[in-house]
Amino acid sequence: MTTRTQEAGPAESLAPVKPPTYARVAGVARDLVVRWGVLVVAVVVWHQLARSSTSGYFPVPTDILDTTRTLWFSGQPPFVTDLFTENVGSSLGRLLQGWALAVVIGIAGGVLIGSSALAADMVRPLLDFMRSIPSPAVLPVFLVLLGIGDNMRVSLIAFVSLWPVLLNTVEGVRTVDRVKLDTARVFGLGRVARLRHVVFPAASPKILAGMRVALSLGLNLMVISELVAANNGVGHFVDASQDYFRIVDMWSGIIMIVIIGILLNLSFMALEKRLLRWHIGERA
Amino acid sequence: MRVREPKTVLEVEDLHYEYLPGKAAIDSISFKIGEGELVSIVGPSGCGKTTLMKSVAGLLRPTSGTVRMHGVAVSQVPDDLAMVFQEYERSLYPWLTVAENVKLPLRYVKVDKGQRARRVERALAEVGLSRDHAKYPWQLSGGMQQRVAIARALAYRPSLLLMDEPFASVDAQTRAELEDLVAAVQRNHGVTIMLITHDIDEAVYLGDRVIVLTGSPSRTMREIDVDLPSERDQIETKASREFVALRSEVAHLIRRATRGTTETVEPPPEGAAAPEPTAKPRQERILP
Ligand SMILES: Nc1ncnc2c1ncn2[C@@H]1O[C@H](COP(=O)(O)OP(=O)(O)OP(=O)(O)O)[C@@H](O)[C@H]1O
Ligand SMILES: [Mg+2]
C-alpha cells in the first residue's frame, strides 16, 4: 500500500546492508591503521631518536612507560599507588570543583541573560572579551587576590571555564525555536515549565558543547595553577621532578596528564552522546 | 445573533493588527464561531491568516478590536484552547517521544495520572498511531508527525481547536486521510474548530461555514454557509452539484481578493457570472 511505504521510518530504510565477512575484516583493519597508524609511527621514530641520543634529558618511551607503571599503577588492587591517590586525587578534585562551579554559574547566568534579547546583545561583547584573555595571564591576578592556596586554583579553573559555558548557554537560549515556545504557551505551560521542558532541552546541545570546551580549558588551568606553590597534584609532580632532575619521572607525570585529559574527554563525550541521542537522530 | 445558532465560543470583533506602527497586517476582521462548529477561513497567501490565529490564541495582542472566548475578552493565552501549527515539524519536541509529546501539556492540566495516560492512549489511537508511542517525531513521516500534532491537541480536550494550514505540506493521499480524520473528530466529539487553509476544496469539504478574507491587509470579505450533509465523502461529496457550486463561489471570491481589491463585496446575483473587478495594483505586502 502506498501509505505504508511512505510512512516507513528513515531508520529502517537507511539500514546498511551487511558486507561479506572478509570485507568487514578489511574494513576494521583499515580503520585501525587510519586511527592509530600515525601515532604508532611517531612513537617508533621517537624511540629511535631517543636511543641514538646521548642526552639524559631525552629518555626512550619504553622507559617512560615503565616508570609510569611503577610510579602510578603498581599498588594493591585497584592497582594505583599512594602517589596516584595523592596527586591525581587532588588534581581531579580541583578541576571538578572549579568546573562544576563554572557550569552552575554559567548555566544560571546564561539562562538569565539569554531570556532577553537586549541583555544578550549588551553582554555579548563583554563575554567575548573575557573569553579571549589568554588564561595564563590571569594567574598573577588570582595569586594577588587569593594567595597561593587551593581557593586560588579552584577559582582560576572556574573563572576560565565559565566563559564558554556562559556564552554557549546564552546562544542556546537565544536560538530556541519560536514555534516551540509558542506551542508551549498555547498548551498552557507557564514560564518555569517552558524553561524546564522547552528551553533547557532545546539549548542542551550548545550548553553541553560549552561544558566540554570548559573541561579542557579547566584541565590546562589545573596544570598551570599547580606549577605555582602547590604541594601536591600532577602538575606539581611534573614541576618537582624537573627541579630534582628526575627526567623520566617528569615525563611520566606528563603522560598522566594526557591520560586524565583523554579519559575526561571520553567520559564527557559518552555522557553527551547519551543525553543528545535525540539530537543526533534528528540530524541523521 | 441568529436564533438557531448555538452558544458562541469565539467572537472576533473588528480585529486590527499592526506588526509595525502604521502598517496593518490585518485591517478589520469580524466573525463568530458557535459551539461544535467547524469554520474554515480562506484568504490569499500573506493576507494575515497566521496573524489572525495568533491573535485568537492570545500570542499576539490585537492593536485594536477584541477577541472574546465564551464571552470573555482574551488578554493572554486561554487555557482551554489548543492549536495545530502550520510548521508542525517545528512544533513537536524532538527530545520527547510521540507519547511524551502528547502528554506534556496534560502535566499542567488538573487530571489524575491514570486518566492522563488514558487520554494519551485514546488520542493516539484516534489518529492511528497506537503502535508508535515510543518513537521520536523525527523517525516519522510528515503525515505521521502531523497526526502527532493533532493527537496532542485532541488529548488536551480544548473547547476551541485552532488549525493553521495543517495539511499544507503533506502529499495528496495523506491530506485526504487527515481531512477525514478531522471531520470524524469534529462529528464524534463536537469539537469547535477554526481551520485556516488556502485550499478551497478543503475549506468547503470540512467547513460548516467558510469565511473568505480579502488580500493584505485583510478584511472579512464574505461568510458562506455550507449546506452539505454532515456525513461527507472525499469522492461523492466533491462530485456533488452543491459542492461544485459552493467551491466555484469561493474560488471567484478568492480570485477577486487576490487581484487586489480590499473592498467587501456583495454576493453575485444568482446564476450570474462574477463581475470582473476593475484592475487595481496589488496591495504592497509588509515584509517581515
Ligand atoms: N513577525 C512579523 N513582523 C512583521 N511583519 C510580519 C510578521 N509576521 C508576519 N508579518 C507580515 O504580516 C502579513 C501577514 O502575515 P501572516 O503570516 O499572518 O500571513 P498568512 O496569511 O498566514 O500567510 P501564509 O498564507 O503565507 O501562511 C505579511 O505581510 C507578513 O509579511
Ligand atoms: Mg500562515
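Backbone amide hydrogens, once placed in the peptide plane, bring B:Tyr19 within less than 5 Å of B:Ala25, excluding anything fewer than 5 places away on its chain. Legend: calculated FRET efficiency, A:Ala23 to B:Val109, from the Cβ-Cβ distance at R0 = 51 Å, rounded to 0.05, equals 0.40.
Neighbours of B:Gly36 by Cβ distance under 10 Å: Lys/Arg scored +1, Asp/Glu scored -1, total -1. For the range B:75-83, putting each phi into the Karplus relation 6.51 cos²θ - 1.76 cosθ + 1.60 with θ = phi - 60° gives couplings of 10, 9, 4, x, 8, 10, 10, 10, 8 Hz, in residue order, rounded to whole numbers and with x for Gly and Pro. Comparing each chain alone with all protein chains together (probe 1.4 Å, DNA, RNA and ligands left out), the residues of the range B:83-103 losing at least 40 Å² of accessible area are B:Phe85, B:Arg90, B:Tyr93, B:Pro94, B:Trp95. Per-atom-type breakdown for the protein assembly as shown gives carbon and sulfur 59% of the accessible area (1.4 Å probe, protein chains only). For the range B:1-136, taking Cα atoms only, Rg and Dmax work out to 17.8, 51 Å respectively. Given the rule -39500 (n - 2.57) for each run of at least 4 DSSP H residues, summed and divided by the residues of the protein assembly as shown, what is its mean residue ellipticity at 222 nm, to the nearest 500 deg cm²/dmol? After summing the helix terms and dividing by the residues of the protein assembly as shown, the value is -17500 deg cm²/dmol. Free of any GluC sites (Glu not before Pro) that DSSP assigns to a loop and that have at most 10 other C-beta atoms within 10 Å, the longest stretch within chain B is B:1-230.
Counting only alpha carbon atoms, the long axis of helix B:142-155 and the longest principal axis of chain B meet at about 80°. Among the residues of the range A:184-221, those with an accessible-area drop of 30 Å² or more from chain alone to full protein complex, heavy atoms and 1.4 Å probe, are A:Arg185, A:Val186, A:Phe187, A:Leu189, A:His197. With 26 Å as the limit, the listed pairs A:Lys273/B:Lys54; B:Lys23/B:Lys54; B:Lys7/B:Lys54 have A:Lys273/B:Lys54 beyond it between alpha carbons. Taking the C-alpha atoms only, the angle from helix B:113-126 to the longest principal axis of chain B is near 50 degrees. Taking a straight Cα-Cα cut-off under 12 Å and skipping sequence neighbours fewer than 8 places away in the same chain, the aspartates and glutamates within cross-link reach of B:Lys238 are B:Asp201, B:Glu202.
Charge tally around B:Leu206: other residues with Cβ under 12 Å, Lys/Arg +1 each, Asp/Glu -1 each, net -2.
Residues in the protein assembly as shown average 52 Å² of solvent-accessible surface per residue, probe 1.4 Å, ligands and nucleic acids excluded.
Projecting label points 7 angstrom from Cα along Cα→Cβ for B:Ser130 and B:Ala73 puts them 4.8 nm apart. Of the two radii for the range B:201-254, the radius of gyration is 1.00 times the Kirkwood radius, both from the alpha carbons; that is the Rg over Rh value. Modelled this way, with points 7 Å down the Cα-to-C-beta line, the labels at A:Asn151 and A:Leu92 are 2.7 nm from one another. Chain pair B, A: how much accessible area is buried, both chains summed, with a 1.4 Å probe, in Å² to 100? Its buried surface, counting both partners, is about 2700 Å².
Applying 1/(1 + (r/R0)^6) with R0 = 35 Å to the Cβ-Cβ distance of A:Ala119 and B:Ser169, what FRET efficiency is obtained, to the nearest 0.05? That gives a FRET efficiency of 0.45.
Between the amide H of B:Ile41 and those of B:Leu195, B:Ile196, B:Thr197, B:Ile211, distances stay under 5 Å, these residues lying 5 or more places away or on another chain, with hydrogens modeled in the peptide plane. Rg over Rh for the protein assembly as shown works out to 1.13, using Cα positions for both radii and the Kirkwood form for Rh.
Taking the chain by itself as reference, the range B:129-151 contains these residues with an accessible-area loss of 30 Å² or more in the full protein complex (1.4 Å probe, heavy atoms): B:Trp138, B:Gln139, B:Ser141, B:Met144.
Between 0 and 90 degrees, the angle of helix A:234-243 with respect to the longest Cα principal axis of chain A falls at about 30 degrees. Other residues within the sphere of radius under 14 Å centred on the Cβ of A:Asp243, judged by their own Cβ, net out at -2 (K and R +1, D and E -1). Here, the range A:82-283 yields an orientationally averaged convex hull projection of 13.2 nm² when only Cα atoms define the hull.
The values are calculated or read from the model by the stated rules, or taken from the named source; none is laboratory data. If you're wondering where the values come from, they're calculated on a predicted model, not measured in any experiment. In this analysis, Cβ positions are derived from the backbone assuming ideal geometry, glycine residues included, and neighbour counts consider all displayed protein chains. All accessible areas refer to the heavy atoms of the entire protein, side chains included, with ligands and DNA or RNA removed. Shrake-Rupley method; radii C 1.70, N 1.55, O 1.52, S 1.80 Å.
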